[in-house]
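To start, the structure under review is shown below, and the notes come after it.
The values are calculated or read from the model by the stated rules, or taken from the named source; none is laboratory data. In this text the structure is predicted, and so the values were computed from the model without any measurement. Here the Cβ positions follow ideal geometry from the backbone for every residue, glycine too, while neighbour counts run over all protein chains shown.
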């Protein structure tokens, strides 16, 4: 069976829609790794994760992949799409930093300090900054991005540590020219807006490491709304927040999930914080994400406005219910509905539901909501 075109895969998926950032969800008993992977509607990882192997060592000098690995990666793609026909696959292409084995130690593409030594890329060590201000290196990044897309194994590329300065703009232009207008670029802008590179980028990976205060969540919401309106189509915004106390911070999981649902047609994730001494972005799969909302019927609507003029939360109607998101600095919101809905958070079935501040809910009905009459069919 032939796969669906990229834009159809993005449009056909149901909601909530969850993505995987590099590392996987825990595997419950009886659920294998590939089955768990396929629950995610968008996956980004290294080219090697998808089965590709660079054709030259060190890999920073490679311009393509071995033919046998391209075939293996295409088979892996077909297997994943068989499990989830709407999955989008994206390969990270390194440009900001890399492992010490990425290039010869004396290569000019390493960024160097005044002392001539390579500049460390991470506090953890072993990675060093790359000089993407170099036109020659930017062209190499574009060449590798083109090879990843041309392999047929992935739908686009992910660029980490994104900003909106001259060098990032030049890099985005080079990559876009190399991969063509139809492939995807996902950029990790965290919670920042990038107006200069917006026409070239299809989505933000919003790695929201700042989520402790009401101001943090307002900034996340503002950036997500901006990205949903201004980035290149098709849009694939991915919003991730981390737990504060434990994976049982379910109200935070619901908050990031419902915020993403109310303000975008994007993908959500709730994961472990990077500060833990284990691989980043590991996560649990929550039953909240198994609920089927169908498709959105309208854009998100503010629940009310604070004195300073920012929304206190939003609701958004879908085929099979209403999504409600309440920001941390709001009061509890009481939601009145015409027919009984079941809360995904509490299990309560009622026409009236209350959502606490800093929380969200999926209020579900059996059947579908008629967008004109409001009747359940």
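Before moving on, here are some points about what is shown:
- Looking only at residues in region 251-299 that are in contact with a helix residue (DSSP H, G or I) (Cβ under 6 Å, 6 or more places away or on another chain) and in a loop (DSSP other than H, G, I, E, B), the one that is surrounded by the most Cβ atoms within 10 Å (Cβ to Cβ) is 264.
- Among all residues of region 353-367, there is at least one that is surrounded by fewer than 20 Cβ atoms within 10 Å (Cβ to Cβ) and at positive phi.
- Test set (1) farther than 23 Å from residue 311 by Cβ; (2) touching a helix residue (DSSP H, G or I) at 6+ places or on another chain (Cβ under 6 Å); (3) surrounded by fewer than 19 Cβ atoms within 10 Å (Cβ to Cβ) - residue 248 fails condition number: (2)
- Scanning region 121-175 for residues that are under 14 Å from residue 52 (Cα atoms) and part of a loop (DSSP other than H, G, I, E, B) yields a total of 5.
- Pairing residues of region 273-285 that are more than 11 Å from residue 207 (Cβ to Cβ) with residues that are assigned to a loop (DSSP other than H, G, I, E, B), at Cβ distances under 6 Å and at least 6 apart in sequence or on separate chains, gives 279/23; 282/23; 282/272; 284/26; 284/247.
- Annotation: residue 104 fulfils all but one of (1) more than 28 Å from residue 68 (Cα to Cα); (2) modelled with pLDDT of 95 or more; (3) more than 21 Å from the chain's Cα centre (by Cα); (4) not in a helix (DSSP H, G or I); the unmet one is (1).
- Residue list for region 208-242, filter: in contact with a strand residue (DSSP E or B) (Cβ under 7 Å, 6 or more places away or on another chain) and surrounded by fewer than 22 Cβ atoms within 10 Å (Cβ to Cβ): 208, 209, 211, 235
- Test: residue in region 331-353 that is within 19 Å of residue 18 (Cβ to Cβ), assigned to a strand (DSSP E or B) and modelled with pLDDT of 95 or more: no
- Counted residues, region 212-234 - those being over 28 Å from residue 279 (Cβ atoms), touching a residue at least 60 places away in the same chain (Cβ under 8 Å) and part of a loop (DSSP other than H, G, I, E, B): 1
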